[in-house]
Amino acid sequence: MPRKHFMAGLALAVGLAGAGPALAQSCQNNPGQFPAWLDAFRAEAAAAGISQNAIAALNGVGYRQDIVNRDRAQGVFSQTFLEFSDRMVSQYRLDTGFARLNQYASLFASVEQQTGVPGAVIVAFWALETDFGANTGDENTISALATLAFDCRRPEQFRPQLLDALRILDRGDLTLSQLRGAWAGEIGQVQFQPTDYLRSGVDADGNGRVDLLNDTADIIASAGNLIAYHGWQRGQPWLEEVTLTQALPWEQADVYNMLPRSQWAGWGVVRRDGSALPSDRTPASLLLPMGRNGPAFLAYDNFHVFLDWNESLVYSTTAAYLATRFAGAPRVSRGGTVNSLSLDQIRELQRLLVGQGFNVGAIDGIIGAQTRIAVRTMQQRLGLPADGYPTTELLGAMRGTPVPAGLSQSQIAELQSLLAARGYDVGPIDGIMGARTRAAITAVQQQLGLPADGIPTEELLARLRG
Ligand SMILES: [Ca+2]
């Protein structure tokens, strides 16, 4: 799955955490082919209408093994939401952000009028990406992007970025010596990829150049434009801290499960201060970044803009929470005791889940979407509250759970074929236990009067063969 972030500095600074199994894929470059590749790229740029003057920026550019190494580095990140947000939502960032909101109040008001994006949201990205311009990166953008566009891993993603970086030179927004930023090609105080720069950049101060390194008005207006481009809905909330007053159907608490706000109110969810939520149809999901005993939020449609920015829930929740602070929300309440797992414990849990037949992707210590789904199913099977958050209680219960007699990959593939022949959707016949195969097994078990646990066994295979 392609990484979806549109402002990447924070994630990249901490090492591509939570990016998932795509990073584990490897491929081989032959750096000796780089000069010929660069010649072909020059021709492509010229054919795309880019001037020879801008194309000359490629002269002397060499293959950068250090950039490829950074792109391959698999950062591991196991901080909880409170650990991470305590670190990222620093007093310095809060003070500076409020000062910027005050200093540029009329500009923020006009940007919100034009784009619908509140200043609080823009300032949160500005803070997290570069500390308000203090850390914009000093990597040569052309050299970094040329290497990544040549590299075998994601050339289709970086070739257009390299073309657009040349177009930024052509348009005169930045000079070649100014064109520096993050190692993956993001530029400026809110770390725009070149394509975003060209499409969403605005010359708001009217000096004739979109300068996202130096022109504060350009930076604020362009960030509003980019966030609006990603689907921001004017006048709508994004994240709201709430209080849970009773146990609720925990399996409903999933960031992608949008329900009418009245449903959450009916399940005893109230505002953080204890007052009632509006009992209306506004879609919202219940986001429990540390499970049912930790902080609780309602996440609205606009929260998905933060998920676009970084698909890691801990990152995106922290960014959205910081924006609520700039909009006046108090410090998040600490919740009760949550026995979170260490990195090694998450890996152990992932191995145990695989032993139970779940597909959790890589055993990487990262709680991604697949691990969360497996955790929730396992919690249900063990009779634990199914909030999808792995704790030491779950790990302890799983250590004592017998591993079902497993099937080999070829046996699972045979099972998939038999299920498909009966009309079930199992996805590809690949011998891998994915969500569709599990659902099909559960359904056929029900049909056959077997315990519907979704686990593939010899017995089930024999029944289907017969
Ligand atoms: Ca300008």
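The values are calculated or read from the model by the stated rules, or taken from the named source; none is laboratory data. Since this is a predicted model, take the numbers as computed values, not measurements. A quick note on method: Cβ atoms are made from the backbone with ideal geometry, for glycine too, and the neighbour counts reach across all protein chains shown.
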query: So which residues in the range 22-57 are at pLDDT below 95, in contact with a helix residue (DSSP H, G or I) (Cβ under 9 Å, 6 or more places away or on another chain) and over 21 Å from GLN193 (Cβ atoms), if there are any at all?
result: SER26, ASN29, PRO31
- request: Could you please let me know if THR377 is within 28 Å of the chain's Cα centre (by Cα), polar (S, T, N, Q) and within 28 Å of GLY294 (Cβ to Cβ)?
  value: yes
- request: Scan the range 302-340 residue by residue and report those that are in contact with a helix residue (DSSP H, G or I) (Cβ under 7 Å, 6 or more places away or on another chain), of a type in the set (A, V, I, L, M) and either outside any loop (DSSP other than H, G, I, E, B) or crowded, with 24+ Cβ neighbours inside 10 Å (or both).
  value: VAL305, LEU307, VAL314, ALA319, ALA320, LEU322, ALA323
- prompt: Which of the residues that make up the range 331-356 are of a type outside the set (A, V, I, L, M) and without any contact (Cβ under 8 Å) to a residue 12 or more places away in the chain?
  reply: ARG331
- prompt: Take the residues of the range 195-214 that are touching a residue at least 60 places away in the same chain (Cβ under 8 Å) and under 28 Å from the mean Cα position of the chain (by Cα): which is nearest to ILE227 (Cα to Cα)?
  reply: ASP196
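Here is a list: ALA120, ALA109, ALA146, ALA134. Which entry is without any contact (Cβ under 8 Å) to a residue 24 or more places away in the chain and assigned to a helix (DSSP H, G or I)?
ALA109
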- line: Among ARG438, ARG399, the single one that is surrounded by 16 or more Cβ atoms within 10 Å (Cβ to Cβ) and of a type in the set (Lys, Arg) is ARG438
task: Might you check whether a residue that is closer than 30 Å to GLY294 by Cα and under 25 Å from the mean Cα position of the chain (by Cα) occurs anywhere in the range 395-411?
output: no
- request: Considering (1) farther than 14 Å from GLU240 by Cβ; (2) touching a Phe, Trp or Tyr at 6+ places or on another chain (Cβ under 8 Å), say which one TYR256 fails and leave the rest.
  value: (2)
message: For the range 349-379: of the residues being farther than 28 Å from MET88 by Cα and among the charged types (D, E, K, R), which is surrounded by the most Cβ atoms within 10 Å (Cβ to Cβ)?
response: ARG376
- prompt: Would you pick out the residues in the range 101-123 that are out of contact with any Gly (no Cβ under 7 Å at 6 or more places or on another chain) and under 25 Å from VAL314 (Cα atoms)?
  reply: PRO118, GLY119, ALA120, VAL121
message: So in the range 247-268, with the set limited to residues that are within 17 Å of PRO385 (Cα to Cα) and charged (D, E, K, R), which one is surrounded by the fewest Cβ atoms within 10 Å (Cβ to Cβ)?
response: GLU251
query: Can you find a residue in the range 57-69 that is among the aromatic types (Phe, Trp, Tyr) and outside any helix (DSSP H, G or I)?
result: yes
query: Of everything in the range 190-219 that's of a type in the set (S, T, N, Q) and farther than 24 Å from ASP66 by Cα, which residue is surrounded by the most Cβ atoms within 10 Å (Cβ to Cβ)?
result: SER200
query: Taking the stated definitions as given, is ALA46 in a helix (DSSP H, G or I), farther than 30 Å from TYR389 by Cα and free of Cβ contacts under 8 Å to residues at least 40 places away in the same chain?
result: yes
- prompt: Of all the residues that make up the range 187-233, how many are within 15 Å of the ligand (Cβ to nearest atom) and part of a loop (DSSP other than H, G, I, E, B)?
  reply: 18
- prompt: Take the residues of the range 441-466 that are of a type in the set (A, V, I, L, M, F, W, C) and assigned to a helix (DSSP H, G or I): which is surrounded by the most Cβ atoms within 10 Å (Cβ to Cβ)?
  reply: ILE441
message: Could you go through the range 306-313 and let me know if any residue there is of a type in the set (Ser, Thr, Tyr) and at pLDDT 95 or above.
response: no
task: Scan (1) more than 14 Å from the ligand (Cβ to nearest atom); (2) more than 26 Å from GLY116 (Cβ to Cβ); (3) surrounded by 18 or more Cβ atoms within 10 Å (Cβ to Cβ) for the single condition LEU176 breaks and write down its number.
output: (3)
field: Flag for GLN246 being more than 16 Å from the ligand (Cβ to nearest atom), under 30 Å from MET378 (Cα atoms), out of contact with any Asp or Glu (no Cβ under 8 Å at 6 or more places or on another chain) and not in a loop (DSSP other than H, G, I, E, B)
entry: no
- request: Taking THR141 as the residue in question, decide whether it is of a type in the set (Ser, Thr, Tyr), away from the ligand (no atom under 16 Å from the Cβ) and at pLDDT 95 or above.
  value: yes
Test: residue in the range 278-301 that is in contact with a helix residue (DSSP H, G or I) (Cβ under 7 Å, 6 or more places away or on another chain) and of a type in the set (Asp, Glu): yes
